[in-house]
Amino acid sequence: MYLHFLAINKRFMKLAVGALCLLSAPAVLSQSLQDGVYTEAQAERGAEEYSARCASCHSADLRGNSNSPSLIGLSFMFIWEGRSLGELYEKMSTEMPTEDPGSLSQQSYAAILAFILQSNEFPVGNHELPSTADALNSIQISSQ
């Protein structure tokens with residue numbers, strides 16, 4: 001009987017500690033790509049930047065080639081689904097363009113990311129995509 005009481009008490013304590021952790025954690029507002037996280041104007045700027053700085057490797061139609069991955073469709077989603085926009089932004093802004101990594105402004109990387117989202121048919125929104133990885137970490141790349 002005493003062991004049964006300890007087992008119940010132990011489970012209760014685990015639940016109480018878990019609930020307390022949830023209540024004391026900072027609120028994280030997460031967005032979905034389906035919410036529209038970029039603007040049409042931002043994607044248009046991104047299309048210009050992409051054409052000038054990215055198309056030579058990833059091709060004008062974003063389909064990539066044998067040396068560069070596709071940035072649209074199933075190939076893109078296979079690599080990035082379940083990861084955050086922050087991760088993708090971080091990769092872009094630290095490794096691209098390959099001949100001069102990190103050479104674009106933060107706003108240019110965000111605009112190119114908006115263009116990539118638009119090219120993958122994610123809906124347009126009313127606010128521009130932020131231009132820092134930290135601000136983008138709460139947005140998960142998901143087809144749903």
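The values are calculated or read from the model by the stated rules, or taken from the named source; none is laboratory data. Quantities reported herein were computed from a predicted structural model and do not represent experimental measurements. Here the Cβ is made from the backbone with ideal geometry for all residues, glycine too, and neighbour counts use every protein chain on show.
For the reader, a short list of remarks on this structure follows.
- Of all residues in segment 114-126 being in contact with a Leu (Cβ under 6 Å, 6 or more places away or on another chain) and of a type outside the set (Phe, Trp, Tyr), the one that is surrounded by the fewest Cβ atoms within 10 Å (Cβ to Cβ): SER119
- Some residue of segment 38-49 being within 24 Å of THR132 (Cβ to Cβ) and within 13 Å of the chain's Cα centre (by Cα): yes
- Pair list, Cβ < 6 Å and 6+ apart or interchain, from segment 60-87 residues that are over 20 Å from GLU48 (Cα atoms) and among the aliphatic types (A, V, I, L, M) to residues that are modelled with pLDDT of 95 or more and not in a loop (DSSP other than H, G, I, E, B): LEU85/LEU136; LEU85/ILE139
- Residues in segment 88-104 that are more than 17 Å from ALA52 (Cα to Cα) and either crowded, with 16+ Cβ neighbours inside 10 Å or of a type in the set (Lys, Arg) (or both): LEU88, TYR89, GLU90, LYS91.
- Of all residues making up segment 52-67, the number that are closer than 15 Å to THR98 by Cα, in a loop (DSSP other than H, G, I, E, B) and either at pLDDT 95 or above or β-branched (Val, Ile, Thr) (or both): 3
- Test: residue in segment 122-131 that is under 13 Å from TYR50 (Cα atoms) and either modelled with pLDDT under 95 or out of contact with any strand residue (DSSP E or B) (no Cβ under 8 Å at 6 or more places or on another chain) (or both): no
- Counting the residues of segment 130-144 that are touching a residue at least 60 places away in the same chain (Cβ under 8 Å) and outside any strand (DSSP E or B) gives 5.
- Filtered residues of segment 29-69 (kept if out of contact with any helix residue (DSSP H, G or I) (no Cβ under 6 Å at 6 or more places or on another chain), of a type in the set (Gly, Ala, Ser) and farther than 13 Å from ASN126 by Cα): SER30, SER32, SER51, ALA52, ALA55, SER56, SER59, ALA60, SER66
- Residue count for segment 108-129, restricted to those that are in contact with a helix residue (DSSP H, G or I) (Cβ under 8 Å, 6 or more places away or on another chain) and either farther than 25 Å from ALA60 by Cβ or in a helix (DSSP H, G or I) (or both): 12
- Residue that is surrounded by the most Cβ atoms within 10 Å (Cβ to Cβ) [pool: residues in segment 50-87 that are of a type in the set (Lys, Arg) and either farther than 22 Å from ASN137 by Cβ or more than 18 Å from the chain's Cα centre (by Cα) (or both)]: ARG53
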